[in-house]
Each structure stands twice: as C-alpha cells, then as structure tokens.
Amino acid sequence: MKKKFWPVWVVILLITACHSEKQPSPTGVKTICNPVNISYRFCLDEPSRREAADPTIVWFKERYYLFASKSGGYWHSSDLGSWTFVETAQIPTEEYAPTAIALGDTLYFLASSTEKSTIYKSGDPLSGAWQVALEELEIPVWDPAFFLDDDQRLFLYWGCSNQNPLYGVEVDAGNGFAFKGEPVELIHADPANHGWEVPGDYSTLTDLNPWIEGAWMNKLNGKYYLQYAGPGTEFKSYNDGVYVSDQPLGPFIPQEHNPFAYRPEGFAAGAGHGSTFEDRYGNLWHIGTITISQKHMFERRLGLFPVFLDEKGILHTETGYGDYPVMIPDKKVNSFEEIFPGWMLLSYGKKVEVSSSVDSLPASRMTDEEIRTYWAAATGNAGEYALLDLGAICCVHAVQLNFAEHNTALKGRQKNLRHRYILEYSADGTDWTMLADRSQSDIDLSHDLISLDNKIECRYLKVTNLEVPDGHFALSGFRVFGLGKGEMPGKVAKLEANRDPQNRRQVSLTWEGPENADGYVVSYGIDSTKLYLDYMLFGTTSLTISSLDAQQDYFFTIEAFNENGITKSGLLIYAGLGDN
C-alpha cells in the first residue's frame with residue numbers, strides 16, 4: 001500500500017539566540033580550534049605532504065596520549081590543548097591506525113599489520129621506551145582497538161575492508177593475549193539503508209562499496225557502543241557510525257541516531273575513524289580524521305569534538321560549529337553551549353592583500369572557508385605577507401593560521417621544522433601593533449591558534465613570513481574569530497524539505513535566507529528534540545543530504561549566522577518516509 005505523504009509543517013518556536021551575548025573565555029582556560037594544532041609529519045613517499053589520521057587518545061598516568069597513523073611517534077598532553085611530541089623507533093610508528101590501552105600501570109600499543117601483529121608495552125611512555133609484550137597475535141589484524149570491560153575482561157576489535165565485516169573477540173591478556181573463542185562478525189555494511197555508508201563527498205557514489213573500518217568501543221550506562229568508520233577516508237563524508245548492544249560481542253543493532261560523528265562541510269570536513277574517550281572531568285570527546293586529500297588521498301588532519309549521551313542513551317557528537325573555537329572545560333559540562341564562547345568567523349569572504357601570488361593560487365583562497373584550497377606566495381622568502389581587511393572595526397578574540405605546503409620536498413620528521421612569522425593588527429592600516437611574535441619560534445604548528453585573553457579591536461590583520469619549513473609561504477585559511485559590530489542575521493523565513501521517494505536516504509532542502517547571512521547551519525535528527533546532526537553551509541540557500549537512514553523519519557531546522565552572531569529561525573519541518 002502506498003504510504004500517505006506527510007506534509008511539511010512548521011512550528012514557530014518564538015526563540016532567537018544571539019551568541020554575541022556570550023562572554024569571552026576566562027583567562028587561563030584553554031581554547032582549541034580544529035584542525036588539532038600539532039606538528040603533522042611529512043609522509044615518506046611522494047608527493048611531499050603532511051598527514052595524521054586514525055587517532056586514538058587514551059588516559060594514562062595523569063596524561064592524555066595521542067597515537068595517529070604515520071606520525072613517527074606520538075603525543076602527550078595534560079589538558080588536551082597543548083601537545084608534546086615523543087619520537088621513538090621502538091614501536092612501529094610507520095603503520096596505520098595505531099591503538100593503545102592502559103592495563104594497570106602499563107600502556108599497551110598495537111598497530112595495523114597484514115603479516116604479523118606485535119603488541120608492545122611501556123610503563124613510561126613519556127621516555128619513548130617500549131618493549132615487546134607479545135611477538136605475534138594469533139592472526140594479523142588491521143585497524144585494531146582494545147576494550148577493557150568493567151569486569152576486567154579484555155576484547156579486541158578490528159577490520160578494514162570494502163568486502164568484509166568488522167570482527168571482535170575476547171582475549172586473555174594474562175595468557176599472551178590468546179583468543180578466547182573464535183572471532184565474531186559484528187558489523188556488515190548496509191549502504192542500501194545507511195546513507196552515511198555510501199561513498200563520495202556527498203554520499204552519491206552508489207556504484208562503489210563503502211570501506212567499513214576503524215572499530216572503537218565504549219561502555220556507557222551499561223550499554224556497549226561499537227563505533228566504525230565509513231565510507232572512505234578521502235571523502236568529506238568520512239564519518240563514524242555506531243551500533244549498540246547489551247553485550248561486548250553483540251548482537252549489535254544500529255543506534256537510531258546515525259552517523260554518530262559527521263561533519264561533511266565547513267572549513268575542515270570529516271570526522272571519521274577515531275576514538276571516543278573520557279577526559280579527567282568525565283566529559284566525552286571524539287578525536288577523528290579530517291580529510292584534505294588533494295595532494296594525495298592520505299593527506300589528512302585530526303579533529304577533536306565534544307560528545308554527549310542523552311537521557312535515552314543516544315550517543316552524539318557536536319560538529320555544527322566544529323571548526324570554530326571551543327573551550328576545554330575544567331569541570332563536567334552538560335551541553336555544547338557551556339564550552340562554545342560564541343566567537344563568530346570574521347574573515348569569511350573578506351579581501352586580502354598579498355605580497356605576491358602563484359597565479360593559480362590566489363589570495364581569495366585564504367578566506368573561502370575551504371581547507372582543500374590555499375594561497376601561495378611566489379616564494380618562501382622572509383617578507384612575504386598577507387594583509388586581511390575585515391571591512392570594519394571588529395572585536396577579535398582569536399586568529400587561526402592554517403599553513404599549507406606548496407612545492408615542498410620534505411619527507412619524514414625533520415629537525416628544526418618550524419614556521420616563523422609575525423602577526424600584527426591595526427585599526428587604520430597605517431599604525432600597527434604586534435599581536436603574536438613567532439620570530440624565534442622553534443615549534444612546528446601547522447594550524448596555529450592565537451587565542452587572546454583579552455579581546456582587541458581592529459580592522460586589519462597582517463601576517464608576515466620570516467621562515468617556512470620548505471617551499472613557499474602558503475595559507476589555506478587566514479581565519480579570524482570574534483564579533484562584529486553590525487546587525488545579526490535576520491531569520492530564515494521559509495524552509496521546505498522533499499524526501500526522495502525512490503531513494504529515502506536523500507532529502508532536498510530549500511529556504512529563504514536573509515540578505516545579511518554569511519551562512520547557515522541545518523540541524524536535523526530522528527526526533528524534534530534530538531536534532532543531533534548538523535550541516536554548515538556558506539553562500540547557498542539549498543542543500544541535498546544523501547546520508548539519511550532510509551528507515552527513519554527526520555526533522556529539520558535551520559539557523560543563520562554572520563560575523564555578529566547566530567539567529568535561530570524558529571522553524572521545524574518534518575520529512576517522513578512517505579512519497580513526496
């Protein structure tokens with residue numbers, strides 16, 4: 001029987017939000033902004049490019065430890081904001097998707113392998129000293145992840161294939177990590193129903209099999225949440241889905257809300273193949289993989305996103321403003337609003353004057369909010385500069401400089417790798433004041449965030465190169481955050497949704513936006529009170545989403561934003577499973 005069409009309906013909420021009313025982060029509180037600001041290593045093969053991906057973060061002896069693919073070592077941090085690198089040759093840091101687990105006073109490490117999976121251990125990973133704990137697992141595993149249950153039973157999950165499922169097995173750590181029983185098939189791809197598993201930047205390549213990979217397990221309030229990545233690391237749609245069970249080896253069913261971590265647009269897109277962990281205050285975070293994939297498919301970065309578990313046990317990641325600054329809390333928080341200072345993007349589409357340009361890489365690429373594009377000066381010489389005009393005096397709270405690699409020839413982790421520059425600001429473009437002096441810096445920070453304890457007021461910002469690691473002085477993003485002094489955007493007046501009756505994984509949205517909006521965040525979900533998925537857009541009033549669950553109803557809302565704040569529309573629409 002043909003289902004009755006559910007019409008689009010509107011609920012006027014009569015609520016508007018203006019983040020300009022929020023306060024700046026207090027002095028001493030760490031502020032971060034994706035991509036994670038670390039020294040990304042240059043790959044060993046051609047072409048020269050940076051990479052880190054497939055991350056694991058674990059807590060061990062009062063430190064967070066971060067492991068990522070092809071990084072030549074690992075990082076540690078006490079606050080999730082500042083990371084210190086440990087270089088070591090005692091573990092296979094050239095393998096993909098490394099993982100770790102703390103068992104008592106020992107940290108164990110395992111990376112991907114198709115030949116022999118060796119487990120390493122260390123009681124002092126700060127020193128870089130490791131030793132072999134087990135020469136060889138019973139079978140080699142790819143994309144491994146350990147999980148220790150409350151009863152101290154240890155489990156191993158793995159899998160990375162466009163043909164095969166994810167697997168899991170209980171292991172005996174006290175008996176050479178021996179398998180306790182046969183491996184169990186846990187998750188199979190289901191792209192016919194799961195739009196988030198369909199390959200492509202926008203989940204439209206239905207003729208390709210998705211890569212299902214990167215297992216990770218959390219136990220929360222007695223439930224087991226098995227996360228997995230798809231549909232492929234080179235796509236903006238790279239995300240983590242989640243299945244749920246009452247047992248560590250299943251049977252598992254998809255969580256009603258999926259994908260669990262998803263960021264298909266914005267400056268830095270992608271949130272897949274990661275790990276979910278608790279910080280020292282009990283807050284949940286997800287560290288995932290951001291895709292660039294321009295110089296090479298495996299050109300990638302890392303992104304850190306807050307995670308929440310609602311009253312019904314639905315796990316979800318906050319990615320709506322996922323590459324805007326957030327505060328690292330020093331206590332337990334219950335909502336994204338508690339850590340989002342409300343600093344808006346001031347630099348989108350603004351004019352940039354430069355010292356020189358490679359013809360095919362213009363200055364406008366620094367302010368187009370796309371990490372996959374970049375400006376490059378004609379040289380890497382000292383004195384090359386970019387001067388950004390915000391168009392009016394604004395309150396500036398943070399600047400993020402995202403360095404790109406153009407015509408570099410570096411490979412591996414080099415000594416004395418660094419960017420040296422100065423960053424200045426001005427109200428009139430004539431009188432300049434130093435904002436950040438990196439002239440003596442010996443730190444390589446590819447996505448350098450200058451977060452200010454006290455705001456400044458200016459119209460112009462100028463970054464001047466002093467030294468680059470190699471190649472040209474280049475920036476993929478000259479991003480400035482704070483608040484303008486103009487009008488907040490008007491409300492979106494109309495929002496319509498049409499669900500494709502032939503492909504229920506897809507919905508098309510259109511709206512009437514105010515003239516003074518820079519962009520929009522579309523939020524949607526399976527319940528009118530659980531709009532946990534977000535889509536950030538600039539310069540358009542339409543959107544097609546192809547990553548839906550074909551068996552779920554959805555609700556949608558939208559908010560407009562500009563440099564002065566965020567305005568909720570008060571609109572809520574429904575797109576069910578019926579024919580439109």
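Structural remarks
- Residues of region 510-539 that are crowded, with 19+ Cβ neighbours inside 10 Å and over 26 Å from residue 367 (Cβ atoms): 524, 525, 526, 531, 532, 533.
- From 459, 505, residue being under 30 Å from residue 358 (Cβ atoms) and either in the same structural domain as residue 396 (by TED's automatic domain parsing) or part of a loop (DSSP other than H, G, I, E, B) (or both): 459
- Search result, residues across region 117-137 that are surrounded by 15 or more Cβ atoms within 10 Å (Cβ to Cβ), touching a strand residue (DSSP E or B) at 6+ places or on another chain (Cβ under 7 Å) and either part of a helix (DSSP H, G or I) or not hydrophobic (A, V, I, L, M, F, W, C) (or both): 117, 118, 120, 121, 122, 125, 128
- Test: residue 199 is at pLDDT 95 or above and out of contact with any Phe, Trp or Tyr (no Cβ under 7 Å at 6 or more places or on another chain): no
- Among the residues of region 238-271, the ones that are surrounded by fewer than 18 Cβ atoms within 10 Å (Cβ to Cβ) and among the hydroxyl-bearing types (Ser, Thr, Tyr) come to 1 in all.
- The residue of region 81-95 that is nearest to residue 280 (Cα to Cα), among those that are among the β-branched types (Val, Ile, Thr) and either touching a residue at least 40 places away in the same chain (Cβ under 8 Å) or in a loop (DSSP other than H, G, I, E, B) (or both), is 86.
- Any hit, region 32-42, residues being aromatic (Phe, Trp, Tyr), outside the structural domain of residue 296 (by TED's automatic domain parsing) and either at pLDDT below 95 or part of a loop (DSSP other than H, G, I, E, B) (or both): no
- Entry remark, region 514-547: residues being more than 14 Å from residue 492 (Cα to Cα), assigned to a loop (DSSP other than H, G, I, E, B) and in contact with a strand residue (DSSP E or B) (Cβ under 6 Å, 6 or more places away or on another chain) number 3 in total.
- Within region 90-109, being closer than 12 Å to residue 146 by Cβ and either of a type outside the set (A, V, I, L, M, F, W, C) or at pLDDT below 95 (or both) holds for 98, 99, 108.
The values are calculated or read from the model by the stated rules, or taken from the named source; none is laboratory data. Being a predicted model, the structure only gives us computed values, none of them experimental. Cβ coordinates were reconstructed from backbone atoms using ideal geometry, including for glycine residues, and neighbour counts include every protein chain displayed.
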